[in-house]
Amino acid sequence: MTADSTPALVKQADADTDGPAPAGPAAARGPRARNTKAYLRYVAAKILGAIVSLFAVLVTSFFLFRLIPSDPVKQMTGGRRVSAEQLQSLRHQLGLDQPMWKQFTSYVGDALTGDFGTSYQFHAPVMDKIVEALPATLLLTGTAYVLYSALGIWLGTRTAWRNGSTSDRFNTALALTLYSVPSFWLGLLLIIVFSVGIGPIPGMFPTGGLESGNETGLAYVLDVAHHMVLPVITLVAVGYAQTLLVMRSSLLDEMGSDYLTTARAKGLRDDAVRRKHAVPNAMLPTFTLMFVNLGHVVAGQILVETVFSWPGLGGLFYQGLSVPDLPLVQGLFFVFATAVILANTLADVLYPLLDPRVGR
């Protein structure tokens with residue numbers, strides 16, 4: 001005998017929306033059709049909002065980095081003595097001598113076709129540099145994403161279900177501490193302790209980079225994994241703390257619900273009540289957070305990649321800012337924002353399928 005895991009509020013919302021089933025020809029235009037139309041309108045609104053957001057990002061990415069008080073041409077010459085004519089010629093080649101409105105229209109038109117221009121410092125198409133650095137970012141942040149999502153959900157569930165216990169207080173305090181720690185500071189600390197070595201602790205891991213450069217086959221895979229240990233630990237430490245806190249809070253809100261009391265009254269074991277009823281409903285806020293973090297998998301972690309000299313999009317963005325390499329930072333900024341917007345939109349589209357109260 002099993003208990004219904006759907007909260008009473010959701011059942012009531014379904015009943016209020018659906019009502020009695022219509023008879024005859026009107027049945028085809030009944031509650032199911034109305035719900036489908038409402039869902040499609042909801043999806044269309046979310047997609048339209050995403051398109052507007054992407055255009056806003058496109059505009060912001062153009063003007064934002066032009067506020068940096070630096071001259072890209074002078075930075076590229078490296079402080080060498082260059083005549084005014086040479087500087088003007090270089091500005092003309094880069095299109096920096098054109099009026100701002102013309103630069104903007106050219107940028108928007110090219111960006112809509114996937115052309116973000118040519119990098120000032122690498123002398124290569126920006127999209128080529130992004131495609132080249134993307135696999136390293138996906139490898140690092142994707143691995144960390146899977147680990148901290150699973151760890152955060154598991155620990156968040158256990159701590160909430162044992163609310164007030166010693167393990168709950170310890171895990172919550174540790175999560176709050178790690179969530180408050182800047183990721184770059186934690187990364188530097190790990191490098192000092194486990195790469196450089198301190199006291200009795202020897203240096204066991206590389207200080208940065210993706211590979212040593214002289215390995216092949218299985219040795220290459222192990223070498224890359226060896227280089228990933230410290231940056232992955234840094235990302236997991238911060239990411240799992242956020243997931244744990246959200247999951248714990250959501251489950252605590254569900255634990256006093258009537259449907260759980262009913263499930264226990266019907267004779268279900270406490271473990272089954274938690275696994276089959278409480279956790280699925282408490283997962284909704286965590287589900288949203290996971291999709292937000294999924295966008296950050298593509299966006300990368302600029303500070304962590306920079307600290308560990310990881311050759312991904314984050315490190316590439318930092319290099320672009322140092323010039324500033326306007327086409328490169330504009331293109332990366334747009335890619336980062338697009339990944340987050342698309343992940344949020346996907347979460348919004350899927351959310352009504354998990355919670356019928358949304359999108360009606």
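Would you confirm, using the coordinates I've provided, whether Met228 is among the hydrophobic types (A, V, I, L, M, F, W, C) and modelled with pLDDT of 90 or more? Talk me through it step by step, then tell me what you get.
On the way: among the hydrophobic types (A, V, I, L, M, F, W, C): yes; modelled with pLDDT of 90 or more: yes.
When the stated conditions are applied, Met228 passes them.
Name the residues in segment 130-153 that are polar (S, T, N, Q) and closer than 14 Å to Phe336 by Cα, would you?
In the first step, residues of segment 130-153 are kept if they are polar (S, T, N, Q); the result is 137, 141, 143, 149.
Hits for segment 130-153 are Thr137, Thr141.
Any residue in segment 56-77 that is within 19 Å of Tyr318 (Cβ to Cβ) and among the hydroxyl-bearing types (Ser, Thr, Tyr) sitting within a Cβ distance under 7 Å of a residue that is modelled with pLDDT under 80 and loosely packed, with under 13 Cβ neighbours inside 10 Å? List the pairs, counting only those 6 or more apart or interchain.
Note: no pairs meet the criteria.
Cβ-Cβ under 7 Å, sequence separation 6+ or interchain: first residue in segment 145-174 and farther than 13 Å from Leu252 by Cα, partner open to solvent by less than 40 Å² (accessible area, probe 1.4 Å) and aromatic (Phe, Trp, Tyr). Which pairs?
Tyr148/Tyr240; Leu151/Tyr240; Gly152/Tyr240
If you go through segment 105-115 one residue at a time, how many are of a type in the set (Gly, Ala, Ser) and either in contact (Cβ under 8 Å) with a residue 60 or more places away in the chain or buried (at least 17 other Cβ atoms within 10 Å of the Cβ) (or both)?
Count: 1.
State whether the residues of segment 160-182 include one that is under 17 Å from Val232 (Cα atoms), of a type in the set (A, V, I, L, M, F, W, C) and not in a helix (DSSP H, G or I).
Of the residues in segment 160-182, the ones under 17 Å from Val232 (Cα atoms) are 175, 178-179, 181-182.
Still in the running and of a type in the set (A, V, I, L, M, F, W, C): 175, 178, 181.
When the remaining residues are screened for being not in a helix (DSSP H, G or I), the result is 181.
Among the residues of segment 160-182, at least one is under 17 Å from Val232 (Cα atoms), of a type in the set (A, V, I, L, M, F, W, C) and not in a helix (DSSP H, G or I), which makes the answer yes.
Please go through segment 116-127 and give me each residue that is farther than 12 Å from Leu332 by Cα, touching a residue at least 12 places away in the same chain (Cβ under 8 Å) and either of a type in the set (A, V, I, L, M) or open to solvent by 20 Å² or more (accessible area, probe 1.4 Å) (or both), ordered by number.
Scanning segment 116-127 gives Thr118, Gln121, Phe122.
Residue by residue through segment 243-257, note down the ones that are open to solvent by 40 Å² or more (accessible area, probe 1.4 Å), under 13 Å from Val279 (Cβ atoms) and outside any helix (DSSP H, G or I).
Met255
For Thr177, are the conditions met, namely being buried (at least 16 other Cβ atoms within 10 Å of the Cβ) and farther than 30 Å from Glu211 by Cα?
no
Can you find, within segment 275-306, the residue that is nearest to Gly156 (Cα to Cα) among those that are among the charged types (D, E, K, R) and at pLDDT below 75?
Arg275
Of all residues in segment 307-318, how many are crowded, with 20+ Cβ neighbours inside 10 Å and either assigned to a helix (DSSP H, G or I) or of a type in the set (A, V, I, L, M, F, W, C) (or both)?
The number of residues fulfilling the criteria is 8.
Just give me the residues in segment 258-277 being open to solvent by 30 Å² or more (accessible area, probe 1.4 Å) and either of a type outside the set (A, V, I, L, M, F, W, C) or in contact with a strand residue (DSSP E or B) (Cβ under 6 Å, 6 or more places away or on another chain) (or both), in sequence order.
Asp258, Thr261, Thr262, Arg264, Lys266, Gly267, Arg269, Asp270, Asp271, Arg274, Arg275, Lys276, listed by residue number.
Taking the options Leu294, Leu303, Leu289, Leu321, name whichever one is open to solvent by 40 Å² or more (accessible area, probe 1.4 Å), touching a residue at least 12 places away in the same chain (Cβ under 8 Å) and within 30 Å of Glu254 (Cα to Cα).
Working: Leu303 fails: within 30 Å of Glu254 (Cα to Cα); Leu289 fails: open to solvent by 40 Å² or more (accessible area, probe 1.4 Å); Leu321 fails: within 30 Å of Glu254 (Cα to Cα).
One residue alone meets the criteria, Leu294.
The values are calculated or read from the model by the stated rules, or taken from the named source; none is laboratory data. Quick caveat: nothing in here was measured; it's all calculated off a predicted structure. Neighbour counts run over all protein chains shown; Cβ positions are idealised from the backbone, glycine included. Keep in mind that these areas ignore ligands, DNA and RNA; they rest on the heavy atoms of the full protein, side chains included. Shrake-Rupley method; radii C 1.70, N 1.55, O 1.52, S 1.80 Å.
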